[in-house]
Amino acid sequence: MIRGWEADPFSPLARRLGKSPEELGTTGGESGCPDIWELENGDIAVIGRDLTDSYRTDLPDGLKIAPDERLVVIPRRTAVAAKADTPDA
């Protein structure tokens, strides 16, 4: 399959976008911390709950999840906090 984009598994995490899970109150301590990070190559890494199986059977038209992809859900406040750190274009 030909894709328009491939993830680079070797690009290091460069900086957090937004506030830490501790600042947002979205972590219970040691395990599970929804977060958004920019990679050194400019791509974005998202840490959240894998709800692929919950959504796979009821996706809107045009939305596809490849076998090597996951639908990840993060708290709204995590995404809103990252907005100021993400470029407009």
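The figures follow:
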| quantity | calculated |
| --- | --- |
| Scan of the stretch 57-73 for residues that are surrounded by 11 or more Cβ atoms within 10 Å (Cβ to Cβ) and outside any loop (DSSP other than H, G, I, E, B), ordered by number | Val72, Val73 |
| Of residues in the stretch 14-24 being in contact with an Asp or Glu (Cβ under 8 Å, 6 or more places away or on another chain) and at negative phi, the one surrounded by the fewest Cβ atoms within 10 Å (Cβ to Cβ) | Arg15 |
| In the stretch 71-88, residue farthest from the chain's Cα centre (by Cα) [restricted to those that are hydrophobic (A, V, I, L, M, F, W, C) and within 13 Å of Ala45 (Cα to Cα)] | Ala82 |
| Scan of the stretch 25-55 for residues that are in a helix (DSSP H, G or I) and either loosely packed, with under 11 Cβ neighbours inside 10 Å or touching a Ser or Thr at 6+ places or on another chain (Cβ under 6 Å) (or both), ordered by number | Asp53 |
| Every residue from the stretch 1-24 that is among the hydrophobic types (A, V, I, L, M, F, W, C) and assigned to a loop (DSSP other than H, G, I, E, B) | Met1, Ile2, Trp5, Ala7, Phe10, Leu17 |
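Bear in mind these aren't lab numbers, they're just calculated from the coordinates by the rules spelled out. These numbers come from a predicted model, not from an experiment. Here the Cβ is made from the backbone with ideal geometry for all residues, glycine too, and neighbour counts use every protein chain on show.
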